[in-house]
């Protein structure tokens, strides 16, 4: 339960460093992240290292009692390096290089760039691996930011062919897996295969899925190159990476396997503005952010970090990069901080110490204005620091009763072949997460490879590929399991199963999906619950099911919409809120989990014997606390952007 800040000493005169460090400590900050964009200052000429300024910065921060996360600078290779090796640049889907002039201008598959990264990381780790200030490392910065995970370069093509050869062993097996006989796409050798870009129309979906898998493996391998060096030369320090919000182009669970701590960069107002939320939601939560966006990522990255996670960058004011950039409601920086801590964050670090008066992020607020006076967020950080001292240290989050399964591969698949505009595994999982949270439930977001035993209920809204191992784990459970539409609808090779979906789970789900349809967003699918005749709704997707099972709910034409067999529930549509809440509440009751239906905008999270309540609504809300609650933060009324925490109940 520490607070930190992102700092760029190379961007400020050295005479202000000591005063900055003193003020950081006085504000209650204990961690400082530095160095992740500083390659041009660390190595201004090829092979000529200039570490003296960083020596001084680290010594100053250490003298002020601050702990440092030192970033590897590989997200911003300097101009001289690009000029010496233009082939290190990634190529976009249009075949054009992503040139020097901003950041993330490299290809994960470039062997020469990997060698340069190994060299600079080794030099940093050799010099600072034992420095008393450096207690953690951050690898690179925001892998994939600006849609840079996938490259179509010559280096990527070469490595993709090798990847395919390892996966399939012979070209005939690949041709079968890809259904390459279609449109005469059969290959005679792996050397004939190119990345799937610039095709006249849709490229082979199996080809595209394998390219996503390959690109994800490239990110994991690039990260592992750095973590191996850092662990060898700087033992005992945590190795961290900072992931992003709603970004799925590589498997974060796979990258997280090589980290000690997963972290992410939390910008609630920007995410609300730039993602799929309705105009009404964007207006209502304009200055607070959607009630579930930050929490979703907290729980996701806690899963990626196997319980250990940070917020590396917390929005402290208006940002510069969204379509519109409102200022947070007073109190929101405090609320966002406590929300992260309630979800188990070890550190919440703010971006950034001081707003930059130059370059691309001039409108991005910091804790201080460019003239070194404090901005609004600084006062809220001071308040949180005092409150942390009053509350005391809390134990890590206990395992939740509910597991929500999220597959990055599922999101790739639904992007490649959505079948309906806007169909997204990520969005479906997020909406189900919102439904669980509206019932006051704590949630663990887990990888499809996770051990699910011990959870009281398991929710898997989007698993179009269910391999044998996952099928066996699901069928071994006794807890209620909810499966969403398109479950087990594809083989691992991205083909319809020979026996029709959901073939992989047929022993537990005696049904066949014989037809699907995707529908416009403004089309409601009426669904009548058999037990009481109530009418709720689905949207976007409808499946036609052939099954001896009697449905729990039917569409208007009598077709089944909600099925149950044993401990499995299956949904043949994308549920709207009322249908979703009905199903989740029913599951929780069968699982013996107590729900706390919440007022709009209010959410709960439990940690260390405390229950936290947060209000993202623009109106006051009562805290859902028992009459005898012992409040340690706030009280029985939640102001807009308010936080309460209590013992008991």
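Values in this text are rule-based calculations from the coordinates and carry no lab data. As the structure is a computational prediction, the values presented were derived from the model and not from experiment. Here Cβ is always computed from backbone atoms with ideal geometry, including for glycine, and neighbour counts include all displayed protein chains.
Given a Förster distance of 51 Å, report the FRET efficiency between residue 362 and residue 475 from their Cβ-Cβ distance, rounded to the nearest 0.05. After rounding, the FRET efficiency stands at 0.35. The modelled label-to-label distance between residue 25 and residue 530, using points 7 Å beyond Cα along the C-beta direction, is 7.0 nm.
I need the shape label for segment 270-358. Rule: rounded when a/c is under 1.5, else prolate if a/b > b/c, else oblate, with a, b, c from the alpha carbon gyration tensor. Oblate shape, in that a/c is at least 1.5 and b/c is the bigger or equal ratio. Put the Cα centre of segment 119-153 next to the Cα centre of segment 176-196 and the gap is 37 Å. For the pair residue 619 and residue 500, the difference between a 0.36 nm per residue extended length and the Cα-Cα distance amounts to 37.9 nm.
Please list, by residue number, everything in segment 310-351 whose backbone N is under 20 Å from a paramagnetic label point 7 Å out along Cα→Cβ of residue 395. Answer for this model: 341-347.
Given R0 = 41 Å, the distance between the Cβ atoms of residue 96 and residue 591 translates into a calculated FRET efficiency of 0.20.
Apply the a/c threshold of 1.5 to the C-alpha gyration tensor of the chain and tell me whether it is rounded, prolate or oblate.
Here the chain falls in the oblate category.
Between residue 550 and residue 169, the modelled label-to-label distance comes to 5.0 nm, taking each label 7 Å out from Cα in the direction of the beta carbon.
Calculate, in nm to one decimal, what residue 45 and residue 188 gain on full extension: separation in residues at 0.36 nm each, minus their alpha carbon distance. Could you put the intermediate results ahead of the total?
On the way: separation 143, 0.36 × 143 = 51.48 nm, distance 4.63 nm.
Gain in length upon complete extension: 46.9 nm.
Model label points for residue 324 and residue 118, set 7 angstrom from Cα along the Cα-to-Cβ axis, are 5.0 nm apart. The distance linking segment 253-281 with segment 1-73 is 26 Å (Cα centroid to Cα centroid, whole angstrom).
Under the rule a/c < 1.5 gives rounded, and otherwise a/b versus b/c splits prolate from oblate, where does segment 590-649 land using the Cα gyration tensor? Note, shape of segment 590-649 comes out oblate. Stretching the chain fully between residue 514 and residue 232 yields a gain of 96.0 nm (0.36 nm per residue, less the alpha carbon separation). Can you give me the Cα centroid spacing of segment 351-392 and segment 485-543 in angstrom? Between the Cα centres of segment 351-392 and segment 485-543 lies a distance of 48 Å. What FRET efficiency comes out for the pair residue 468/residue 276, r = Cβ-Cβ distance, R0 = 30 Å, nearest 0.05? E between residue 468 and residue 276, to the nearest 0.05, is 0.35.
Normalised by the number of residues in the chain, the mean separation of alpha-carbon contacts (under 8 Å, six or more apart) gives a relative contact order of 10 percent.
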